[in-house]
Structures are given as C-alpha cells and as structure tokens.
Amino acid sequence: MSSIAAQAASINFADVEWEKKYSSWRAYGQSKLADLLMGLHLARVSQERGWRLLSTIAHPGYTKTNLQSAGAALSSGRTTMMTRIMDLDVLPSMNAVQGAGPELMAATDPAARNGAFYGPKSRTGMTGEAAEVPVYRSAKGPTLAASVWALAAATTGVDLPRV
C-alpha cells in the first residue's frame, strides 16, 4: 500500500529513521515510497525465480479519512495544517469507499499484473476510477528498489528465501 505522498518522496539512506531532523510528512512520504519499492522488488524477484506469487501495489489517491485531518496529532487533540486545508475543501478528493477501489483492484482483479501499480486514473492521480497507473518517477532507478530491500533485510535480519 503506497500513497500519493510517495510521488515527491525520496529515501534518506543517511538517516532512514529520521533521528537527526524529523519531518512527519517527509517520513510518511519515505515510508510510502519504500512500500512501493518493496512491492516492485518482490514482483521482480518472484518473476526471476519463477514463483507463483503476485505482488501488486496500490494507492488510494486523495481519500478523505481521519489520516489527513489528524495524522500524528490524532491523540493530541491538536489541529493540524492539513485539517485546516481539508476544511476549506479546495482539493479534489474521494470518500473512503471510492478510495478503496485501487486496493481492491490490485488485490482481487483476475487481470491484476505482477509488479503493477494501481490508483485513481486522472491527470492528478488524486481522484478517479481505479486503474493501472504509471509508477512514480521517484520509484525508478536501476538499483533503488533492491537497495531498500537490502536495507530492510539487514535491519530485520529477514530476507527472501533462496530456492
């Protein structure tokens, strides 16, 4: 599960856990880009090894839920800048049912393809019917997905089995 936030994100390999200078939105974007990269890498490895495994990735577009309005402030009672922006209702958005479309397509559509990315089909990618959409430029690079996978494997001590 990725997010539109991954589109403008990058992986901060020098401070992957944001211990030096924390930014909630940049950390969130990095985590959603990492999710996208991990799904892409798993799809590639699955195909290379002949596994009958389907790895798809999706993002819900701009779906109005309490994540944007509360986020990190959910338990603090604080009003966030995103809460104020959402209250203005100026950004195109979808409700939670519409936003679930890309995830459902990725998980249940018999035509879903290994390594495919699903999201709202529109110019902005924020709203629209669920469809296969292009992978964000931020997720492209010859070794980026493998590097994130290697970092996760080293951090957790868990890697893909060799068969």
Next on the checklist: Quick check on segment 46-56. Is at least one of its residues closer than 23 Å to T143 by Cβ, in contact with a strand residue (DSSP E or B) (Cβ under 9 Å, 6 or more places away or on another chain) and not in a loop (DSSP other than H, G, I, E, B)?
Outcome noted: no
Checklist outcome for this item: Checked segment 28-45 for anything open to solvent by 30 Å² or more (accessible area, probe 1.4 Å), closer than 12 Å to A139 by Cβ and under 9 Å from the mean Cα position of the chain (by Cα); matches are K32, D35
Checklist entry - Does segment 13-21 contain any residue that is open to solvent by 20 Å² or more (accessible area, probe 1.4 Å) and touching a residue at least 60 places away in the same chain (Cβ under 8 Å)? => result yes
Next on the checklist: I'm checking my understanding of the structure. Among residues of segment 57-95 that are part of a helix (DSSP H, G or I) and open to solvent by less than 80 Å² (accessible area, probe 1.4 Å), which one is modelled with the lowest pLDDT?
Outcome noted: A73
Item to check | Restricting segment 134-163 to residues that are part of a loop (DSSP other than H, G, I, E, B) and basic (K, R), the residue that is surrounded by the fewest Cβ atoms within 10 Å (Cβ to Cβ) | outcome: R162
Checklist entry - Which residues, counting only those in segment 96-133, are small (G, A, S), within 16 Å of the chain's Cα centre (by Cα) and surrounded by 17 or more Cβ atoms within 10 Å (Cβ to Cβ)? => result G99, G101, A106, G115, A116, G119, G125, A130
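The values are calculated or read from the model by the stated rules, or taken from the named source; none is laboratory data. What you see is a predicted model, and the numbers here were worked out from it, not measured in a lab. No Cβ is skipped: glycine too gets one built from the backbone with ideal geometry, and neighbour counts run over all protein chains shown. Surface accessibility is based on the protein's heavy atoms, side chains included, excluding ligands, DNA and RNA. Shrake-Rupley method; radii C 1.70, N 1.55, O 1.52, S 1.80 Å.
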